[in-house]
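To start, the structure itself, in structure tokens.
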């Protein structure tokens, strides 16, 4: 498990109508490998609204169709709830993810 990995989970938290949802891990690797039981993730949806906080991904990352990482909807998930590895982001996509997270969290560039 590392930053940029995609995992599918059953019964996503919150009022999610889907039985399964794929998430990308956005936590730093030091947290992922620590004793803490949770990681910060961004959900992936099939809808893309063209926002700067959304990142297009698809078949190259292991998904079945074009989708979008939504960095405005971050959540903390237990590591144990991420059993189904789907794929991972390329280093180029991780750079794009970093830009989307910077915008979503209103961090200085």
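The values are calculated or read from the model by the stated rules, or taken from the named source; none is laboratory data. Fair warning: this is a prediction, and the values are worked out from it, not measured in the lab. Glycine gets a Cβ as well: all are built from the backbone with ideal geometry, and neighbour counts include every protein chain shown.
For residue 68, indicate whether it is assigned to a loop (DSSP other than H, G, I, E, B), under 12 Å from the mean Cα position of the chain (by Cα) and modelled with pLDDT of 95 or more.
Values: assigned to a loop (DSSP other than H, G, I, E, B): no; under 12 Å from the mean Cα position of the chain (by Cα): yes; modelled with pLDDT of 95 or more: yes.
The answer is no for residue 68.
Considering only region 51-63, how many residues are without any contact (Cβ under 8 Å) to a residue 24 or more places away in the chain and either within 12 Å of the chain's Cα centre (by Cα) or assigned to a loop (DSSP other than H, G, I, E, B) (or both)?
Here is the first cut: in region 51-63, the residues without any contact (Cβ under 8 Å) to a residue 24 or more places away in the chain are 51, 56, 58-59.
Remaining after also requiring either within 12 Å of the chain's Cα centre (by Cα) or assigned to a loop (DSSP other than H, G, I, E, B) (or both): 51, 56, 58.
So the count comes out to 3.
Restricting region 7-50 to residues that are without any contact (Cβ under 8 Å) to a residue 40 or more places away in the chain, touching a strand residue (DSSP E or B) at 6+ places or on another chain (Cβ under 6 Å) and assigned to a loop (DSSP other than H, G, I, E, B) leaves a set whose member that is surrounded by the fewest Cβ atoms within 10 Å (Cβ to Cβ) is 46. Restricting attention to region 64-102, the residues that are over 19 Å from residue 51 (Cβ atoms), buried (at least 16 other Cβ atoms within 10 Å of the Cβ) and free of Cβ contacts under 8 Å to residues at least 60 places away in the same chain total 0.
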